[in-house]
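The values are calculated or read from the model by the stated rules, or taken from the named source; none is laboratory data. If you're wondering where the values come from, they're calculated on a predicted model, not measured in any experiment. Positions of Cβ are generated from backbone atoms using ideal geometry, with glycine treated the same way; all protein chains shown enter the neighbour counts. Note: accessible area is taken over every heavy atom of the protein model, side chains too, but ligands, DNA and RNA are not part of it. Shrake-Rupley method; radii C 1.70, N 1.55, O 1.52, S 1.80 Å.
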Amino acid sequence: MAVKDYIRKRFFPHLWCPGCGHGMVLNGLLRAIEKLGLNKNEIVMASGIGCSSRICGYVDFHTLHTIHGRALAFATGVKMSRPELNLIVPMGDGDALAIGGNHFIHAARRNIDITAIVMNNRIYGMTGGQFSPLSGYGTFATTAPYSNIDHDFDVAKLAEAAGATFVARTTTYHVRQVADLIKEAILHKGFSVVEILSQCPTYFGRKNKAGTTVDMLEHYKNNTTPIGSESKSRDPGLIEVGVFVRKNLPEYCNEYDKVIKRAVKSLSGGRN
Ligand SMILES: Cc1ncc(C[n+]2csc(CCOP(=O)(O)OP(=O)(O)O)c2C)c(N)n1
Ligand code: SF4
């Protein structure tokens, strides 16, 4: 199936501003799905609210555009009832780690087979540029006109500590890596997190004098390095991209199946 067949053309033009990174993430996601050769009916995408979450409207899969921060809870419900389906949850940094932070850590802890894509633009884009838990100390936002004093999370470290079994990071500059990491995350059996640094030239960019979209992409290019590279030891400020965690642990739906079997056996007096 061609990439264009995965798109709902009737919802275009999309709502993203010119130069927004979220469209580049959509491109990588569709290419990953095309490479995997997945049937549209095998994919369920659940999202919350935000410019990033709007991806859900543009893809011709089974989609649930739900409430802010709760997409993982909806996805968990779908996955538990239909474990054979591929669950993908695109989230903004606010959606995933502010209002949705609790759902995020517990989905990771359970190791439920869901792919979470965190589109990190370090700002609440949709609502006009409020700072998020990923904006970082010293940044500017409409709600931090005199500079933000909150420190940010490291999404990859948080996801790993919470129990995610596949954790990766890339940026919209790394177009091929976006598709490759999403592909691997979908194939992974367990909770997978792909953080993608995605530029918001409109709110984060303007408030932080980050320049044009091209400047922001060049910033990603010049300030990232592959995990474990020598440059990181020379310049600890570089952001690592690549796969941080790739391990196999019991998956939640499989474990739940075993619980059902144990319960049935016990209730039938051990006859099954
Ligand atoms: C319960 C609830 N609280 C607040 C909002 C308002 N709201 C909508 S999107 C959003 C934040 C969006 O930021 P983010 O998730 O980072 O995504 P982005 O728009 O930057 O892609 C907020 C606060 C809401 N819709 N529902
Ligand atoms: S406000 Fe920012 S995140 Fe939202 S569409 Fe515009 S550029 Fe993208």
For segment 25-52, name all the residues that are farther than 21 Å from D5 by Cβ and either touching a residue at least 60 places away in the same chain (Cβ under 8 Å) or acidic (D, E) (or both). I49, G50, C51, S52
How many of the residues making up segment 12-59 are farther than 14 Å from G92 by Cβ, charged (D, E, K, R) and crowded, with 20+ Cβ neighbours inside 10 Å? 0
Suppose the filter is open to solvent by 10 Å² or more (accessible area, probe 1.4 Å), under 14 Å from the mean Cα position of the chain (by Cα) and more than 15 Å from ligand 2 (Cβ to nearest atom); does K189 pass it? no
Counting residues that are within 18 Å of R31 (Cα to Cα), which helices (runs of 4 or more DSSP H) fully inside segment 162-247 reach at least 2? 175-187
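Is there a residue being within 16 Å of ligand 2 (Cβ to nearest atom) and either open to solvent by less than 10 Å² (accessible area, probe 1.4 Å) or at pLDDT 95 or above (or both) anywhere in segment 79-91?
Kept after step one, since they are within 16 Å of ligand 2 (Cβ to nearest atom), are these residues of segment 79-91: 90-91.
Filter once more, so that each one left must be either open to solvent by less than 10 Å² (accessible area, probe 1.4 Å) or at pLDDT 95 or above (or both): 90-91.
Yes, segment 79-91 contains at least one residue that is within 16 Å of ligand 2 (Cβ to nearest atom) and either open to solvent by less than 10 Å² (accessible area, probe 1.4 Å) or at pLDDT 95 or above (or both).
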Are there any pairs with C-beta distances below 9 angstrom linking a residue in segment 233-251 that is closer than 26 Å to A108 by Cα and of a type in the set (V, I, T) to a residue that is outside any strand (DSSP E or B) and open to solvent by 70 Å² or more (accessible area, probe 1.4 Å), with the two at least 6 apart or on different chains, and if so which? V245/E160
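Scanning segment 106-158 for residues that are of a type in the set (F, W, Y) and more than 16 Å from the chain's Cα centre (by Cα), which turns out surrounded by the fewest Cβ atoms within 10 Å (Cβ to Cβ)?
Narrowing segment 106-158 to residues of a type in the set (F, W, Y): 124, 131, 137, 140, 146, 153.
Narrowing the set further to residues that are more than 16 Å from the chain's Cα centre (by Cα) leaves 131, 137, 140, 146.
On the way: F131: 26, Y137: 10, F140: 20, Y146: 6.
It comes out as Y146.
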Can you name the condition, by its number, that D5 falls short on among (1) over 30 Å from Y203 (Cα atoms); (2) assigned to a loop (DSSP other than H, G, I, E, B); (3) open to solvent by 40 Å² or more (accessible area, probe 1.4 Å)? (2)
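Scan I182, I196 and give me the residue that is within 16 Å of ligand 2 (Cβ to nearest atom), in contact with a helix residue (DSSP H, G or I) (Cβ under 6 Å, 6 or more places away or on another chain), within 22 Å of I88 (Cα to Cα) and open to solvent by less than 10 Å² (accessible area, probe 1.4 Å).
Values: I182 fails: within 16 Å of ligand 2 (Cβ to nearest atom).
Step by step, each of I182, I196 is checked, and only I196 is within 16 Å of ligand 2 (Cβ to nearest atom), in contact with a helix residue (DSSP H, G or I) (Cβ under 6 Å, 6 or more places away or on another chain), within 22 Å of I88 (Cα to Cα) and open to solvent by less than 10 Å² (accessible area, probe 1.4 Å).
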Pull up segment 92-105, narrow it to residues that are more than 13 Å from the chain's Cα centre (by Cα) and within 19 Å of F204 (Cβ to Cβ), then point me to the one that is most open to solvent (accessible area, probe 1.4 Å). I99
Tell me the residue from K209, K189, K157, K183 that is more than 16 Å from ligand 1 (Cβ to nearest atom), among the basic types (K, R), modelled with pLDDT of 95 or more and within 27 Å of G128 (Cβ to Cβ), please. K209
Single unsatisfied condition, G228 versus (1) farther than 30 Å from I88 by Cβ; (2) at pLDDT below 95: (1)
Is there any pair linking a residue in segment 1-24 that is of a type in the set (S, T, Y) and more than 16 Å from ligand 2 (Cβ to nearest atom) to one that is part of a strand (DSSP E or B) and open to solvent by less than 60 Å² (accessible area, probe 1.4 Å), with Cβ under 9 Å and at least six apart or on different chains, and which? Y6/I43; Y6/V59
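Residue-by-condition table, conditions (1) within 16 Å of ligand 2 (Cβ to nearest atom); (2) farther than 13 Å from S198 by Cβ; (3) modelled with pLDDT of 95 or more; (4) assigned to a loop (DSSP other than H, G, I, E, B):
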{"position": "A96", "(1), (2), (3), (4)": "yes, no, yes, no"}
{"position": "N102", "(1), (2), (3), (4)": "no, yes, yes, no"}
{"position": "I117", "(1), (2), (3), (4)": "yes, no, yes, no"}
{"position": "S132", "(1), (2), (3), (4)": "yes, no, yes, yes"}
{"position": "T139", "(1), (2), (3), (4)": "yes, yes, yes, yes"}
{"position": "S147", "(1), (2), (3), (4)": "no, yes, yes, yes"}
Kindly check whether there is at least one residue in segment 67-78 that is open to solvent by 10 Å² or more (accessible area, probe 1.4 Å), within 16 Å of ligand 2 (Cβ to nearest atom), part of a loop (DSSP other than H, G, I, E, B) and free of Cβ contacts under 8 Å to residues at least 60 places away in the same chain. yes
